[in-house]
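Enquirer: Next up is a structure, given as structure tokens.
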Amino acid sequence: MRQKWNRELVIRHILKCVAEGLPLTVGEPGISNALYQAGSRFFGSWKNAIQAAGLRPELGNCVEKWPPARILTLIRNLARRRHPLDARQLEHRYGNMFSAARRLFGSWSKAVLAAGVDPTRFRRVVTWTRDRVIEGILVRALRNEPLGARSTQPQSLVAAGRKFFGTWSAALEVAGVDPKKTASRTVAVTCLHVSVSPAGPKSMRPQRQIWTKDAIIAAIQMRHSQQKPLNAGKLIREDNSLYRAGTRHFSNWRNALIAAGLSPEANRRAGRPD
């Protein structure tokens, strides 16, 4: 049963940790993420919660710091495991990191995408949607993985692609991937802004791109991998749809680059060839 917190219960758990000699920091051993969030909610901050328990607030200063680079490195390392932890297990084991990733990148899925990892690697049960199919294809293309109908993993992605777009080749074309080049590890991506009717490739009709935050991040990372310019001036001329979507969803283009794990300053200075 989920713990129902109140101010008294928070203080009692803090004092219990102190009595057991546990640090007042998030993680094992120490403070659970649920207790940390409850303390911050009821008292305004974790330091205030410690002080309300009659302790020195400095005891909470040693909370482990998770800068963006460290979060992305850990995500990549975890993704290499044969059986990666799902989001719930990650939150239990790396509570402070998990909450920091959501705070810095907007959501856990965006942090995973920024690390160049398929978010489905951290999902126990994958629920495929049209957007997630395209996202899965783009992430694999970004990582230079094979995208043949038999070689793509997991195979549930291929099955979902056929379900939503009629054929796997049609799904690849919607994502901007050339189906003829998917047998090799060098995948050509043209970033087509089209969508396909589930009836199949014969009913393919160019439509207005439906931009989601995840789709914007994937498109930015794809341009970066292709060494295409990402500064606002050139992007407005080359892909105005992506630029407008990025500024709409992230308030400005700088925030969109940060969400994709890129440095706005470096991309502003970089004079990449067209």
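Enquirer: Give the shape of the stretch 213-253 as rounded, prolate or oblate, defined through the alpha-carbon gyration tensor: a ≥ b ≥ c are the square roots of its eigenvalues, a/c under 1.5 means rounded, and otherwise the shape is prolate if a/b is larger than b/c and oblate if not.
Expert: The shape class here is oblate.
Enquirer: What nm distance separates the two modelled labels at residue 107 and residue 80, each placed 7 Å from Cα along Cα→Cβ?
Expert: Placing both labels 7 Å beyond Cα along the Cβ direction yields 2.8 nm.
Enquirer: Given a cut-off of 29 Å, name the pairs among 4/47; 4/213; 110/234; 163/228 whose C-alpha atoms lie farther apart than that in the structure shown.
Expert: From 4/47; 4/213; 110/234; 163/228, over 29 Å: 4/213; 163/228.
Enquirer: Using only protein heavy atoms and a 1.4 Å probe, report how much of residue 253 is accessible, in Å² to the nearest 10.
Expert: Probe radius 1.4 Å; accessible area of residue 253 about 20 Å².
Enquirer: Taking amide H atoms as placed 1.01 Å from N in the peptide plane, list the residues 5 or more away in sequence, or in a different chain, whose amide H sits under 5 Å from that of residue 26.
Expert: Here 31, 64 satisfy the definition.
Enquirer: Something else: In square nanometres, what is the average projected area of the Cα convex hull of the stretch 5-59?
Expert: Averaging across all directions leaves 3.1 nm² for the Cα convex hull.
Enquirer: Ok, one more. Could you rank the peptides 141-150, 160-169 by their average count of other C-beta atoms within 10 Å per residue, with the highest value first?
Expert: Result, highest mean Cβ count within 10 Å first: 160-169, 141-150.
Enquirer: Name the shape class, rounded, prolate or oblate, that the alpha-carbon gyration tensor gives for the stretch 136-179, where a ≥ b ≥ c are the square roots of its eigenvalues, rounded holds for a/c under 1.5, and otherwise prolate holds if a/b is larger than b/c and oblate otherwise.
Expert: oblate
The values are calculated or read from the model by the stated rules, or taken from the named source; none is laboratory data. Note that the structure is a prediction, hence the values are computed from the model and not measured. Using ideal geometry, Cβ is built from the backbone for each residue, glycine included, and neighbour counts are taken over all protein chains shown. Just so you know, the surface numbers come from the protein's heavy atoms only, side chains and all, with ligands and any DNA or RNA stripped out. Shrake-Rupley method; radii C 1.70, N 1.55, O 1.52, S 1.80 Å.
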